[in-house]
Amino acid sequence: MPATSLRCRSCATEYALEDIGTCTACFGPLDPVYDWDALARRVTRETISAGPASIWRYAPFLPVEAPADIRLAPGFTPLVRAPRLADEVGVGELWLKLDTANPTHSFKDRVVAVAAAKARELGIGTLACSSTGNLANAVAARAAAEGLDAAVFCPADLEPEKLVATAVYGATIYAVRGTYDDCSRLTIELSFELPWGFVNVSLRSYYAEGSKTVAFEIAEQLDWDAPDAVVAPIASGSLYSKIAEGFDQLRQVGLVDVETPRLVGGQAEGCSPVATAFASGEPVTPVRPATIARSLAIGNPADGDKAVATARSTGGAIYAVAEADVGANMAVLAEHAGVFGETAAGVSLGALRRAVEDGELGAEDRVVLVVTGDGLKTPGPVEALLEPVRIDADADAVLERLGVLT
């Protein structure tokens, strides 16, 4: 395993590969350090293609050992062309990265698999998290597959579809009277008191690395090439920035020889601190979420400033998408590509449309849009589209309505 240590992003203090959430010197975030020379010698396109059809084909790029007994493996999700949607939004070529195909139908299965592998290495018996829903599903399912206990902390008013899809795995759900940020603060406090593996607190350095595998898969599925742009939603900012890191790392070890794509990000207008910071040039300022896109409702994003830096370094952009457009974009995605994505997908498509309107992307560009979660988890914004034609069980009545009989 080429990962050698954890290093503080702010002050460069190094730590062993343990369950350490933040730097004890300055409270900055910790990132894994890799031996890139060893990776370049060891990893080839051929060794990767010989690996399992999951995130574990990229195990050398991850800060944990691949499990000997791989269970419920996420990753290597479909990358599909969407020509009708490309014509609708005005880009030359549009691909959809369907992370709805993961075990619990969101990209969170990737990050939890990596965090859980570290928890098993450290002998931790309970996986825990704060969540807006998708992460709760992934933690609960992973714990069930691995024979661990699970405890999740969610806002009490979360969509019932996501709560049921967590409870079914046997997890203990703590319904917190407050926002996601209240849940996050609570789990940070509890991480100092309980011997649990809080995947997005004490295990966050490992957890976040799972998102890089989205970039690795896109490159491999495009025959070791990169698109001109990747569009993704922004909540904490980790997925967005890790996708860019993934492409950077592939180039660093010689697996691709193209530039990192422009990263286009989206936030719903009712919770858009990162989009606001990108537009203003100021640091991210926390907000109180008021958005229909509950999976993105993080008012104090841990990696918000890093996401802004990613947008600038890749020549990308971050947009705030009007709340009224989220459901409409979910419908456009479904009607033009046959893909039912959750509210986050509606936000991402809204960001892509804004980028085209602003002239940032157009008919010459090949774009990948990451569909991070399944629309069956958040059907509310499109439920008004349900307007069935009510008929009797009479073929003549149908034919008459269609104008076949007069």
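The stretch between A53 and A393, if pulled fully straight at 0.36 nm per residue, gains 117.7 nm over its current Cα-Cα span. When you filter the chymotrypsin sites (Phe, Trp or Tyr not before Pro) in segment 118-213 for DSSP loop state and at most 10 other Cβ atoms inside 10 Å of their Cβ, you are left with F192.
Distance between the modelled labels on A279 and E14, one decimal in nanometres: 4.3 nm (7 Å Cα→Cβ projection). About the centre of its Cα atoms, segment 109-252 shows a dipole size close to 340 debye [charges on the beta carbon of Lys, Arg (+1) and Asp, Glu (-1) only; nearest 20 debye]. Could you work out the longest stretch of the chain that avoids the GluC sites (Glu not before Pro) located in DSSP loops with at most 15 other Cβ atoms within 10 Å? It runs 66-192. Coupling constants for segment 293-303 follow from the phi torsions by the Karplus curve (6.51 cos²θ - 1.76 cosθ + 1.60, θ = phi - 60°), and in residue order they are 8, 5, 5, 10, 7, 10, x, 10, x, 4, 10 Hz; glycine and proline get x. Each residue, V168 and A101, gets one label point 7 Å from its Cα in the Cβ direction; the gap between the two is 2.1 nm.
About its Cα centre, the chain has a charge dipole of approximately 820 debye under the convention of +1 per Lys or Arg Cβ and -1 per Asp or Glu Cβ, with nothing else charged. Multiplying the residue separation of S5 and E357 by 0.36 nm and removing their Cα-Cα distance gives an extension gain of 122.3 nm. Counting neighbouring beta carbons within 10 Å and listing from fewest to most, the residues I218, I188, I298 come out as I188, I218, I298. Backbone geometry of segment 366-377 corresponds, through the Karplus equation with coefficients 6.51, -1.76 and 1.60 at θ = phi - 60°, to 3J(HN,Hα) couplings of 9, 10, 10, 10, 8, 8, 7, x, 7, x, 5, 7 Hz, x marking Gly and Pro.
Could you please rank R204, R353, placing first whichever residue has the fewest other Cβ atoms within 10 Å of its Cβ?
Final ranking by Cβ density, sparse to dense: R353, R204.
Since every read-out is calculated from the coordinates, none of them should be taken as a lab result. All of these numbers come straight from a predicted model, not from anything done at the bench. Backbone-built Cβ (ideal geometry, glycine too); neighbour counts: all protein chains shown.
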